[in-house]
Amino acid sequence: MEKGIILYQSKYGSTKKYAEWLKEETGFDYIETKKADIKKVVEYDKIILGGGLYATGIAGLAFLKKHYDVLKDKKIAVFCVGASPFDESAIDLVAKHNFKNDIKGVPCFYCRG
């Protein structure tokens with residue numbers, strides 16, 4: 001059976017709430033990115049990373065970028081939480097800004113905070 005983990009970075013609580021909902025639905029473990037230990041994270045098959053969206057930057061994404069070399073064979077998805085209504089062109093801009101080089105192609109989803 002595959003194991004999954006939800007990593008999140010939340011400033012105002014919305015991202016944490018989404019992480020909790022995902023935990024309830026999937027049964028995955030969850031932890032804040034700043035408390036995550038890469039030695040433990042590599043033991044999971046599926047990784048969901050969530051973070052607040054601030055000026056096109058996704059909070060917590062640095063963890064994925066830093067450790068992508070050891071996580072690249074995992075099933076990975078990212079969600080970002082923002083205050084604005086969904087706007088496809090804005091989300092495309094976020095993707096172009098954040099998902100370059102190694103992490104290009106990692107799926108990203110937008111959630112309203």
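The values are calculated or read from the model by the stated rules, or taken from the named source; none is laboratory data. The shown structure was predicted, so the numbers you read here are calculated from the model rather than taken from an experiment. So basically every Cβ, Gly included, is an ideal-geometry build from the backbone, and we count neighbours across all protein chains shown. Each accessible area value is taken on the protein alone, full model and side chains, heavy atoms only, with ligands, DNA and RNA left out. Shrake-Rupley method; radii C 1.70, N 1.55, O 1.52, S 1.80 Å.
Taking 0.36 nm per residue of sequence separation and subtracting the Cα-Cα distance, how much length would be gained by fully extending the chain between Cys111 and Lys74, in nm to one decimal?
Full extension of this stretch gives 11.1 nm more.
Return the aspartates and glutamates within reach of Lys17: Cα separation strictly under 13 angstrom, same-chain partners fewer than 8 residues apart disregarded; answer none if there are no such residues.
Glu25, Glu32
Can you pull out the trypsin sites (Lys or Arg not before Pro) in region 83-113 that DSSP calls coil and that have at most 12 other Cβ atoms within 10 Å?
Sites meeting the loop and neighbour criteria: Lys100, Lys104.
Could you give P(r) for the chain, binned at 5 Å from zero, as whole percent values over all Cα-Cα pairs?
Taking every Cα pair in the chain, the percentages come to 2, 12, 25, 25, 20, 11, 3, 0.
Counting Lys and Arg as +1 and Asp and Glu as -1, what is the net charge of the other residues whose Cβ lies under 13 Å from the Cβ of Thr26?
-2
Quick check: at a probe of 1.4 Å, how many percent of the accessible area of the chain sits on carbon and sulfur atoms?
51 percent
Mind grabbing the accessible area of Asp37 for me, 1.4 Å probe, Å², rounded to tens?
Rounded to the nearest 10, that gives 70 Å².
List the lysines whose Cα sits under 26 Å from the Cα of Lys11, skipping any in the same chain fewer than 8 residues away.
Lys23, Lys34, Lys35, Lys39, Lys40, Lys46, Lys65, Lys66, Lys75, Lys96, Lys100, Lys104
Excluding residues on the same chain fewer than 8 positions from Lys72, give the aspartates and glutamates whose Cα lies under 15 Å from its Cα.
The reachable aspartates and glutamates, counting only those whose Cα sits under 15 Å from Lys72, are Glu43, Asp45, Asp102.
What does the charge dipole of the chain about its Cα centre add up to, to the nearest 20 debye, if the Cβ of each Lys and Arg holds +1 and the Cβ of each Asp and Glu holds -1?
340 debye
Counting only heavy atoms of the protein chains, get the accessible area per residue of the chain (1.4 Å probe) and round it to a whole Å² value.
Per-residue value: 62 Å².
So for the chain, averaging the separation of alpha carbon pairs under 8 Å that are six or more residues apart and normalising by length, what relative contact order in percent results?
RCO, the chain: 26 percent.
Taking the Cβ of Val70 as the centre, find all other residues whose Cβ is under 13 Å away and add up their charges (Lys, Arg: +1; Asp, Glu: -1).
+1
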